[in-house]
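J.: I'd like to ask some things about the structure below.
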Amino acid sequence: MLADTSETARQAAALVRFHYQEDEHDTRLREDHPDLYAPDKVNPGFPCDTEDGPLEQALASAAVLVDERYTTPMEHNNPLEPHACIALWEEGPRVTLNDSTQNAHGVARTLARVLGLERSDIRVISPYVGGGFGSKGLPHAHNVLVVLAAKMVPGTPVRMALTRQQMFSLAGYRTPTFQRLRIGADADGRITGLAHEAVEQTARIKEFAEQTTVGTRSMYAAGARRTSHRLVPLDVPVPSWMRAPGEAPGMFGLESAMDELAIACGLDPVELRIRNEPESDPETGLPWSSRHLVECLRRGAERFGWSQRGLPGARRDGDWLVGMGVAASTYPGSMIPGSVAEISYGGLGHYSVRIGAADIGTGNWTVLSQVAADALGVPIGEVHVEIGDTDLPMATVEGGSTGLVSHGSAVLEAARVFREEHGYSPEAGATSRGTAAKHPDADTYSPHSFGAQFVEVRVDADTGEVRVPRMVGVFSAGRIVNPRTARSQLMGGMVWGLSMALHEHSVMDHSLGLVVNHDLAEYHIPSHADIVDIDVSWLDEEDLHANALGAKGIGEIGITGTAAAIASAVHNATGIRVRDLPITPDRLVR
Ligand code: MOS
């Protein structure tokens, strides 16, 4: 039965009484769980474990050793616009979905398989998306339900919008993690052995393996390295993508341990990182497409006033203990080949650029217009971009910080083909297509973005309340196509990093297997009053070894490392090392 209004539907649903036959269930992640296993791969296809060099020997003979455990909690994606979908079933059959998704073509592909339809029978329209952060990168159960419901009433559109509370069970989340970091160094702080081992959860019904330790593989020069992931399958919803899956929790562990190593070595944490700068990617041996972490650190230290930092617990301003912290950021600079763009000339100085990409609040509408205008050599006012529809040429997911460079590479190629086929005075109706090919340097260079984050915190000496008056982020992410949207992306990432450090924590009631703080009153995120001065900047560069655009995605690097920088600053303010997120006041009141 379908209702005419959402209110009626909810009222009716509330009247349904379910009776469950209870089985044993297990929703609690433990490091020593008997069902721990190693997945074949971790998201989106990395090896589960890596090992290079005699690690245990290196750690045993290290002059300085840090061996610590860190944890991050379950966290939930909360884009401002909850997941919503309208489906219209027409005879044929032909199904049209107006969906809020980062991946229109991916939704159509998956639903066709799930529902036994031809891919060409499904159209997904998604021109504007109110945030996604990974939770809209794949279709979820509500998409399937709404299509099945629409099938009952052909010709009538059926709408389903998740409530905020439903999003805490139906749209994915970030797994909690246990992380053990061991870093051995010589007396000068040069790392001789580095191990990062993670335990995380997945669902019994479907595996999702977060790549928690993958960022560590490429960060620092170390003679011997090991990274691993172990999963526990539980009776929980399937974890999924949440902004910087892997790097966001993993860099909290790694960069916190680096901060501890700096103290153990008696080195400035900026200097420690500079001393361990690898010449090439330690994981693959490949040269970097570009790596300017040291420049980010130096420039950030200058902008922030890092030289003013004192010893832990040494600075006090009235009731407030004041501290400064630092951490490094990284994220893969990936490009996914295969997207197709079509360019046609409509006459009168009017170019249409068509590609089934998405803009999830990132500015893709704007930057793809810029890329197209630049590639065609025309003013931006002559370019009209169309995105967000599976009737447009195939585009890969707007996710993994790959959108701009993957879709932009298709637009670049389409523009090149268009000029080759139609020249600079095309006939009206002239049309060409281009496909984003694998970049020629894809197998011979290692593309990553880097950044440095500096934070000042003030901790109330009596209550443990943490305030963050200042953050400075300096990033190296190739060519920045649009400074305005870029600044917003990087700042948004840093805000979320602060949120991860101090607020976010999904609390599960293990007797019910339900997240109980499932609304924005109790799932805490920062408000405007929590965000004061964020200074975002980047290096002026172009990385043509990464992709044809010379850019690298910036949707995710801003959140990586931030939480570690805040934990570092909290330690500098109070002398208390918090290794378990979030850093709530109870952890700081002695
Ligand atoms: Mo992002 S978690 O890859 O949408």
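J.: Which of the residues spanning the stretch 384-395 are outside any loop (DSSP other than H, G, I, E, B) and acidic (Asp, Glu)?
T.: Within the stretch 384-395, Glu386, Asp389 meet the criteria.
J.: Which residue, of Ala529, Ala521, is assigned to a helix (DSSP H, G or I), among the hydrophobic types (A, V, I, L, M, F, W, C) and either within 21 Å of Pro447 (Cβ to Cβ) or more than 16 Å from the ligand (Cβ to nearest atom) (or both)?
T.: It is Ala529.
J.: Then there's this: Going by the structure shown, is Glu75 of a type outside the set (Lys, Arg), crowded, with 18+ Cβ neighbours inside 10 Å and within 16 Å of the ligand (Cβ to nearest atom)?
T.: yes
J.: Among the residues of the stretch 125-133, is there at least one that is within 16 Å of the ligand (Cβ to nearest atom) and under 30 Å from Ala222 (Cα atoms)?
T.: No, the stretch 125-133 contains no residue that is within 16 Å of the ligand (Cβ to nearest atom) and under 30 Å from Ala222 (Cα atoms).
J.: Look through Gly116, Gly184, Gly137 and report the one residue that is in contact with a Phe, Trp or Tyr (Cβ under 8 Å, 6 or more places away or on another chain) and either more than 16 Å from the ligand (Cβ to nearest atom) or within 30 Å of Thr227 (Cβ to Cβ) (or both).
T.: Among Gly116, Gly184, Gly137, only Gly137 is in contact with a Phe, Trp or Tyr (Cβ under 8 Å, 6 or more places away or on another chain) and either more than 16 Å from the ligand (Cβ to nearest atom) or within 30 Å of Thr227 (Cβ to Cβ) (or both).
J.: May I pose another question? Would you say Met500 is surrounded by 24 or more Cβ atoms within 10 Å (Cβ to Cβ) and part of a helix (DSSP H, G or I)?
T.: yes
J.: Being touching a Ser or Thr at 6+ places or on another chain (Cβ under 8 Å), closer than 25 Å to Thr366 by Cβ and assigned to a helix (DSSP H, G or I) narrows it down to one residue among Gly558, Gly553; which is it?
T.: Exactly one of Gly558, Gly553 is touching a Ser or Thr at 6+ places or on another chain (Cβ under 8 Å), closer than 25 Å to Thr366 by Cβ and assigned to a helix (DSSP H, G or I), namely Gly558.
J.: Let me ask something additional. Count, please, the residues in the stretch 532-572 that happen to be polar (S, T, N, Q) and within 16 Å of the ligand (Cβ to nearest atom).
T.: Here the count works out to 2.
J.: Next question, about the same structure. Test Gly215 against the criterion of being part of a helix (DSSP H, G or I), within 16 Å of the ligand (Cβ to nearest atom) and touching a Leu at 6+ places or on another chain (Cβ under 8 Å), and give yes or no.
T.: Criteria met by Gly215.
J.: Now for a separate question. Can you find a residue that is small (Gly, Ala, Ser), modelled with pLDDT under 95 and touching a Lys or Arg at 6+ places or on another chain (Cβ under 9 Å) anywhere in the stretch 9-16?
T.: no
Residue-by-condition table, conditions (1) part of a helix (DSSP H, G or I); (2) within 24 Å of the chain's Cα centre (by Cα); (3) at pLDDT below 95:
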site	(1), (2), (3)
Gly400	no, yes, no
Val405	yes, yes, no
Glu421	yes, no, no
Ser432	no, no, no
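J.: Suppose we keep only residues that are within 16 Å of Gly550 (Cα to Cα) and aliphatic (A, V, I, L, M) within the stretch 400-422. Which one would you say is farthest from the ligand (Cβ to nearest atom)?
T.: The residue in question is Leu412.
J.: Do we have Gly132 as crowded, with 23+ Cβ neighbours inside 10 Å, under 22 Å from the mean Cα position of the chain (by Cα) and of a type in the set (Gly, Ala, Ser) here?
T.: yes
J.: Step by step: first the residues of the stretch 94-112, then only those that are aliphatic (A, V, I, L, M) and in contact (Cβ under 8 Å) with a residue 24 or more places away in the chain, then the one that is surrounded by the most Cβ atoms within 10 Å (Cβ to Cβ). Which residue is that?
T.: Ala104
J.: Residues of the stretch 345-369 being of a type outside the set (Asp, Glu) and either within 13 Å of Pro393 (Cα to Cα) or within 16 Å of the ligand (Cβ to nearest atom) (or both), which ones?
T.: Hits for the stretch 345-369 are Ser352, Val353, Arg354, Ile355, Gly356, Ala357, Ala358, Ile360, Gly361, Thr362, Gly363, Asn364.
J.: Now for a different question. Do we find a residue being more than 17 Å from Glu210 (Cβ to Cβ) and among the hydrophobic types (A, V, I, L, M, F, W, C) anywhere in the stretch 28-47?
T.: No, the stretch 28-47 has no match at all.
J.: For the stretch 518-540, give me each residue that is within 20 Å of the chain's Cα centre (by Cα) and of a type in the set (S, T, N, Q).
T.: Within the stretch 518-540, just Ser537 meets the criteria.
J.: Find the strands (runs of 3 or more DSSP E) located wholly in the stretch 318-383 whose residues include 2 or more that are of a type in the set (Val, Ile, Thr), and list them.
T.: In the stretch 318-383, the matching strands (runs of 3 or more DSSP E) lie at 320-332, 340-345.
The values are calculated or read from the model by the stated rules, or taken from the named source; none is laboratory data. None of the values given here were measured: they were computed from a predicted structure. Because the Cβ atoms are built from the backbone with ideal geometry, glycine has one as well, and the counts that use them run over all protein chains shown.
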